[in-house]
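The values are calculated or read from the model by the stated rules, or taken from the named source; none is laboratory data. Keep in mind that what you see is a predicted model, and the values were worked out from it rather than measured. Here the Cβ positions follow ideal geometry from the backbone for every residue, glycine too, while neighbour counts run over all protein chains shown. Surface accessibility is based on the protein's heavy atoms, side chains included, excluding ligands, DNA and RNA. Shrake-Rupley method; radii C 1.70, N 1.55, O 1.52, S 1.80 Å.
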Amino acid sequence: MADPFFQPISGMDLPRFAGVPTFMRLPHIPLDGPRIDEVDIGIIGAPWDSGTTNRPGPRHGPRQLRDLSTMIRAMNGATGIKPFEACNIADLGDVSPNPADIMDTLDRMSGFYSKVKGQGIKPLTAGGDHLCSLPILRGIAAQAPVGMIHFDSHTDLFHSYFDGTMYTHGTPFRRAVEEGLLDPKRVVQIGIRGSAYDTEDRDFAKAEGIRVIAIEEFFARGIPDVMAEAREIVGSADTYVSYDIDFVDPAFAPGTGTPEVGGPNSFQALQVVRELQGINIIGADMVEVSPPFDFGGATAWLGVSIMFELLCVMV
């Protein structure tokens, strides 16, 4: 049973629009703050999008996700799970990026997540663009490669962009495989679609043993069957979950940098996460929510609802 200190503020006690917005109205505990040793799961903001190659804006994602998360309540209405009673969960604040220096920010982030891991805390991160996943993995998977379930419309397995730029939001998982952070034979990518430059990323996936499930296969087989295969691929060992909001069709999540039509609806976006129950999740992220393109906040509300579903399977 979680400590009452870590319970979110109820909308019955303080209106949703009032108070200081933390993730899901949880206590804010800095990584060097008091009671950090009592935290089981830490929700972290990564306000950084220097890996973006098209429409910028995900650096503003964590702030909007925090604001919209005040609508989250204590119990999952579909599964009955009460994550805040199962674990001590807190908002650990943001990783401080250097928006003018990609390499410095990668080092800052990996150092931060190494400390998170050292405290025995499982991180749930709100990005930021998808390059954020690389330093997170450097921080929590440096000792041994982990598996990954990746929801996205893009593989993010490209070698480089613009004649040799190695670190963009289209390259993080290529780097993670090369650095021994991911076990490619325990990686599954779900929802891949859209027009393509070429087959370089798919060729790399095939050569390394990464399972790519295109959107056409996803819809033809159905969510339960696809997710049963995903659970089989990652098995019972340590697994990371990375969720790009552009996995969802832009009709439901327009606020993102590289939208691709023909994706899942908002209910299916939640359903795939519920199918992660029982997986040994050591960390997760929700990335690429871009407030400048999210008129009315619908994308951020969906994004933080997915984060709540991730919490429910992480506990």
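So, of the residues in the range 47-76 that are of a type in the set (Lys, Arg) and under 16 Å from PRO99 (Cβ atoms), which turns out to be surrounded by the fewest Cβ atoms within 10 Å (Cβ to Cβ)?
ARG63
Mind checking whether some residue in the range 133-155 is part of a strand (DSSP E or B) and farther than 25 Å from VAL273 by Cα?
No - not one qualifying residue is present in the range 133-155.
Go through (1) in a helix (DSSP H, G or I); (2) in contact with a Phe, Trp or Tyr (Cβ under 7 Å, 6 or more places away or on another chain) one by one and return the number of the condition PRO62 breaks.
Of the numbered conditions (1) in a helix (DSSP H, G or I); (2) in contact with a Phe, Trp or Tyr (Cβ under 7 Å, 6 or more places away or on another chain), the odd one out for PRO62 is (2).
Can you list residue pairs whose Cβ atoms sit under 9 Å apart, with the first residue in the range 107-129 being within 17 Å of GLN143 (Cα to Cα) and the second being buried (at least 22 other Cβ atoms within 10 Å of the Cβ) and of a type in the set (Asp, Glu)? Count only pairs 6 or more apart in sequence or on different chains.
If the second residue must be buried (at least 22 other Cβ atoms within 10 Å of the Cβ) and of a type in the set (Asp, Glu), the pairs left are PRO123/ASP285.
Conditions tested, residue by residue: (1) aromatic (Phe, Trp, Tyr); (2) in contact with an Asp or Glu (Cβ under 9 Å, 6 or more places away or on another chain); (3) assigned to a helix (DSSP H, G or I).
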| position | (1), (2), (3) |
| --- | --- |
| ALA220 | no, no, yes |
| GLY255 | no, yes, no |
| LEU270 | no, yes, yes |
| PRO292 | no, no, yes |
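I'd like to know if the range 81-100 contains one or more residues that are of a type in the set (Lys, Arg) and modelled with pLDDT under 95.
So far as the range 81-100 goes, no, none of its residues is of a type in the set (Lys, Arg) and modelled with pLDDT under 95.
Being assigned to a helix (DSSP H, G or I) and buried (at least 18 other Cβ atoms within 10 Å of the Cβ) is the filter; apply it to the range 272-290 and report the residue that is nearest to the chain's Cα centre (by Cα).
VAL273
Select from the range 77-103 the residues that are without any contact (Cβ under 8 Å) to a residue 60 or more places away in the chain and open to solvent by 50 Å² or more (accessible area, probe 1.4 Å) and list them in ascending order.
If the condition is that a residue be without any contact (Cβ under 8 Å) to a residue 60 or more places away in the chain and open to solvent by 50 Å² or more (accessible area, probe 1.4 Å), then GLY77, LYS82, ASP94, SER96, PRO99, ALA100, ASP101 are the ones that fit.
For the structure I just gave you, tell me whether ILE149 is in contact with a helix residue (DSSP H, G or I) (Cβ under 7 Å, 6 or more places away or on another chain), touching a residue at least 12 places away in the same chain (Cβ under 8 Å) and either farther than 19 Å from VAL315 by Cα or among the hydrophobic types (A, V, I, L, M, F, W, C) (or both).
yes
Can we say ALA230 is within 26 Å of GLY42 (Cβ to Cβ), at pLDDT 95 or above and assigned to a helix (DSSP H, G or I)?
yes
For the range 1-36, give me each residue that is among the aromatic types (Phe, Trp, Tyr) and open to solvent by 60 Å² or more (accessible area, probe 1.4 Å).
Within the range 1-36, PHE5, PHE17 meet the criteria.
Scanning for something at pLDDT 95 or above, open to solvent by 40 Å² or more (accessible area, probe 1.4 Å), farther than 26 Å from SER50 by Cα and not in a helix (DSSP H, G or I), does the range 193-207 turn up at least one residue?
Scanning the range 193-207 turns up no residue that is at pLDDT 95 or above, open to solvent by 40 Å² or more (accessible area, probe 1.4 Å), farther than 26 Å from SER50 by Cα and not in a helix (DSSP H, G or I).
Is the range 294-312 home to any residue that is more than 16 Å from the chain's Cα centre (by Cα), open to solvent by 10 Å² or more (accessible area, probe 1.4 Å) and not hydrophobic (A, V, I, L, M, F, W, C)?
Yes: the range 294-312 contains one or more residues that are more than 16 Å from the chain's Cα centre (by Cα), open to solvent by 10 Å² or more (accessible area, probe 1.4 Å) and not hydrophobic (A, V, I, L, M, F, W, C).
For the range 148-162, how many residues meet the condition of being touching an Asp or Glu at 6+ places or on another chain (Cβ under 6 Å) and under 17 Å from GLU178 (Cβ atoms)?
3
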